[in-house]
Structure formats: C-alpha cells, structure tokens
Amino acid sequence: MVIHFVVFNYKIFLCDMRNYNKYEVWIKSHDLVQFIYTTIVPVLPMSEQYGLTRQLKRAAYSVPCNTVEGSGRNSEKDFVHFLDISFGSILEVEYCSLLIKDLSYLDSKLYTTLTEKINHIKAMLIGLIKSIREPKVESPEL
C-alpha cells in the first residue's frame, strides 16, 4: 500500500492507495488484453472491425481499467464496486469469445486458450471480491 499526502485547504491528510499492479488479477487481465490484441483480433475478419472486434477490445481493456480505477478509491466499498464492473466486463469478453467461435472465426485450440485465461480471471475476481466483502473473523483467544 502506498501512502500519499493530500493537501486540502492547507490541511494535510494521509491517504492509503492500493498499488494496482501488485494485484495478480490486474496482471492477468492486462496480459489478456495483450493476447486479444495480438492473437485474437488479427484472425477476425475486417467486416467485424467496427462491430464484434471493437466490442471485444473494449470489454477486454475495461477489466484492468476498472481494477485500476477502483484501486485509487478511498473505501473498500468503492474498490469492490469497480471490481464488480470488471467482473461484468470479463463476462462480456466471455460471451464475445463464444460468439466469435460459433461464427467460426476462431479455431477450437485458440478458443480453449482464450477461455482458460478468461476463467482464471473470473475466479481471481470472485476471490478478491469475496475477500473484501466478507468480514474478517477473528478467532477467540483461549
């Protein structure tokens, strides 16, 4: 956690900021965006450039972008809100990927690789969201 000093009306406040690039879910989602741009997009037809391709790219980069934005928020509630948005975006990537496969734009091997990456990110987001939302239970001292 990085600590920043914020000056507001000549008073100094300490603000805790999360370092987004230390979250594995951000690293993996950033890698997914690069994979989509370098491996998936080139195999899609030009006729989909302004439709499905654009939607897939936007949904993909929305996952790490919302993680970054949420990490800059001051409360856990706000952070989780942006992680929820990231989760919705990864579901959108999942559907776009299914559609791309069903339209025969993607071979089964590439689709399998893509869905493995997507499922890993979904699991990490669910775990992170749960870990923040669920109250920490302290064991009673004996």
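With both labels modelled 7 Å from their Cα along Cα-to-Cβ, the Leu103 to Asp31 distance reads 2.8 nm. Backbone geometry of the range 78-92 corresponds, through the Karplus equation with coefficients 6.51, -1.76 and 1.60 at θ = phi - 60°, to 3J(HN,Hα) couplings of 5, 4, 5, 4, 6, 5, 4, 5, 4, 5, x, 5, 5, 5, 5 Hz, x marking Gly and Pro. Phi angles across the range 39-54 convert, under the Karplus curve 6.51 cos²θ - 1.76 cosθ + 1.60 with θ = phi - 60°, into 3J(HN,Hα) values of 10, 8, 4, x, 8, 7, x, 4, 5, 9, 3, 9, x, 4, 4, 4 Hz, Gly and Pro given as x.
Between Arg54 and Lys136, how high is the FRET efficiency from 1/(1 + (r/R0)^6) when r is the Cβ-Cβ distance and R₀ = 41 Å? Nearest 0.05.
Details: r = 42 Å, r/R0 = 1.02.
It comes to 0.45.
Kindly count the pairs of lysines across the range 20-133 whose alpha carbons are less than 12 Å apart, treating pairs on different chains or eight or more residues apart as eligible.
Values: Lys28/Lys117; Lys28/Lys122; Lys77/Lys130; Lys101/Lys109.
The result is 4.
What are the ³J(HN,Hα) couplings of the range 21-27, residue after residue, when phi is run through the Karplus curve with 6.51, -1.76, 1.60 and θ = phi - 60°? Round to Hz, x for glycine and proline. Listing the rounded values in order: 6, 9, 7, 4, 5, 5, 4 Hz.
Read-outs: derived from the displayed coordinates by stated rules, not from any lab. What you are looking at is a predicted structure, and each value in this text was computed from that prediction instead of being measured. Note that we place each Cβ from the backbone using ideal geometry, even for glycine, and neighbour counts take in every protein chain shown.
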